[in-house]
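Visitor: Here you go, one structure.
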Amino acid sequence: MDMHTHHDTTMPVDERRKVSLVIPAYNEGRGLLRLRDALTPLLDNRMRALSDGREIAEYDYEVLLVNDGSRDDTLQVLRELRAADPRFCYVSLSRNFGKEAAMLAGLDYATGHCVVILDADLQHPVEAIPRMIAEWESGYDDVYGRRATRGRESWLRRRLSMAYYSMLQSASDIDVMPNVGDFRLLDRRCVDAVRSLRETQRYSKGLFAWIGYSKKDVEFVTADREEGASSFSYRRLFNLAVEGITSHSTAPLRIASVVGFVTAIAAFVYLIFTVVRTLLYGDPVAGYPTLICVLLLLGGLQLCAIGIVGEYIGRIFMESKRRPVYIADIYNDSKV
């Protein structure tokens, strides 16, 4: 069931504040022990000193891993981590709902005064988290990681990503920043704001921008993935791009309308030109090849417009079902 209304996220009353680390995990069994080792110095408050001379306070930490229907031994490793260290918590979803749903599940179950979202593959460096906490202590509500480099990524994928961000920025009325992903720290009121947005077709980067609040960037260098392979193929990235554009902009519908209007005007002008030329000069109407080309052009434009409208109708259809974003199966060794 969707735990938005049923899970208790009452803030801890301890004097020392808590930081929750939310980490979606899909087939990450081989890398979770490395993740634990990388996080241990932070959890033990041994990473308080910053390079600029500042020092963050001591915190209680909670690591909340969300098993997103993994097919490997991820769930078993999570159970072992939980048994060895109670600071490691986990939520296991009933099937693979996708990273967006897994992040929402993590936010629903996190109990900290702030939440840090990061990936399980350590491409988001743990060393950047104390700097995020320092900015949060300074009063910022949303401290997001900005990539200084994109890591070991192909030229084509990098170019497509930048082109997508440029297109989304120009089409949307919110500031969707390039080179900024899901790696960020959210104050509790930002977490509650995102949790209140229960749409099933989710694009979290846009939602983080939409809720507003005071924001600050922390630059980091993307590490290369050492275990497993990214589950984001070009097809899934394309689907994510469509989600981003259709979730936060109606620009494609406007473009389809404008193209249709311009095409209709051009067709009318050409019709007038053809009639006048025939009346004045007796020239025959253009033949079969021209007619076929015009029909194919108009048919293609119509199909594109119908496809764009269909994307939005499909989103309306999915939202109208009002299904939960995810279904949780196990929370810390107990059935939900």
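Visitor: Would region 119-127 turn up any residue that is touching a residue at least 24 places away in the same chain (Cβ under 8 Å) and either in a helix (DSSP H, G or I) or under 19 Å from Arg16 (Cβ atoms) (or both)?
Guide: Within region 119-127, one or more residues are touching a residue at least 24 places away in the same chain (Cβ under 8 Å) and either in a helix (DSSP H, G or I) or under 19 Å from Arg16 (Cβ atoms) (or both).
Visitor: If we scan region 4-20, do we find a residue that is at pLDDT 85 or above, out of contact with any His (no Cβ under 6 Å at 6 or more places or on another chain) and within 26 Å of Cys190 (Cα to Cα)? Quick ask: steps written out before the conclusion?
Guide: As a first pass, look at region 4-20 and keep what is at pLDDT 85 or above: 17-20.
Subset that is out of contact with any His (no Cβ under 6 Å at 6 or more places or on another chain): 19-20.
If we keep only those that are within 26 Å of Cys190 (Cα to Cα) too, we end up with 19-20.
Yes, there is a match, as at least one residue in region 4-20 is at pLDDT 85 or above, out of contact with any His (no Cβ under 6 Å at 6 or more places or on another chain) and within 26 Å of Cys190 (Cα to Cα).
Visitor: Any residue in region 50-58 that is touching a Cys at 6+ places or on another chain (Cβ under 6 Å), in contact (Cβ under 8 Å) with a residue 40 or more places away in the chain and not in a helix (DSSP H, G or I)? Show your work before the answer.
Guide: From region 50-58, those touching a Cys at 6+ places or on another chain (Cβ under 6 Å) are none; that's our starting set.
The answer is no; no qualifying residue exists.
Visitor: Further question: Consider Ala266 carefully, then state whether it is of a type outside the set (Val, Ile, Thr) and at pLDDT 65 or above. Lay out the reasoning, then the answer.
Guide: Values: of a type outside the set (Val, Ile, Thr): yes; at pLDDT 65 or above: yes.
In short, yes.
Visitor: Considering region 182-196 alone, what residues qualify as being farther than 15 Å from Val22 by Cβ and either surrounded by 14 or more Cβ atoms within 10 Å (Cβ to Cβ) or touching a residue at least 24 places away in the same chain (Cβ under 8 Å) (or both)?
Guide: Scanning region 182-196 gives Arg189, Ala193.
Visitor: Can you find, within region 26-68, the residue that is farthest from Tyr90 (Cα to Cα) among those that are of a type in the set (S, T, N, Q) and in contact with a strand residue (DSSP E or B) (Cβ under 9 Å, 6 or more places away or on another chain)? Talk me through it step by step, then tell me what you get.
Guide: If we filter region 26-68 for residues that are of a type in the set (S, T, N, Q), which is where we start, we get 27, 40, 45, 51, 67.
Next, only the ones that are in contact with a strand residue (DSSP E or B) (Cβ under 9 Å, 6 or more places away or on another chain) stay: 45, 67.
Values: Asn45: 21, Asn67: 7 Å.
Looking at residues that are of a type in the set (S, T, N, Q) and in contact with a strand residue (DSSP E or B) (Cβ under 9 Å, 6 or more places away or on another chain), I get Asn45.
Visitor: On the given criteria, is Arg315 modelled with pLDDT under 80, among the basic types (Lys, Arg) and within 30 Å of Glu199 (Cβ to Cβ)? Walk me through it before giving the result.
Guide: Values: modelled with pLDDT under 80: yes; among the basic types (Lys, Arg): yes; within 30 Å of Glu199 (Cβ to Cβ): yes.
For Arg315, the condition - modelled with pLDDT under 80, among the basic types (Lys, Arg) and within 30 Å of Glu199 (Cβ to Cβ) - is met.
The values are calculated or read from the model by the stated rules, or taken from the named source; none is laboratory data. Note that the structure is predicted; figures quoted are calculated from it, not measured. Note that each Cβ is placed from the backbone with ideal geometry, even for glycine, and that neighbours are counted across all protein chains shown.
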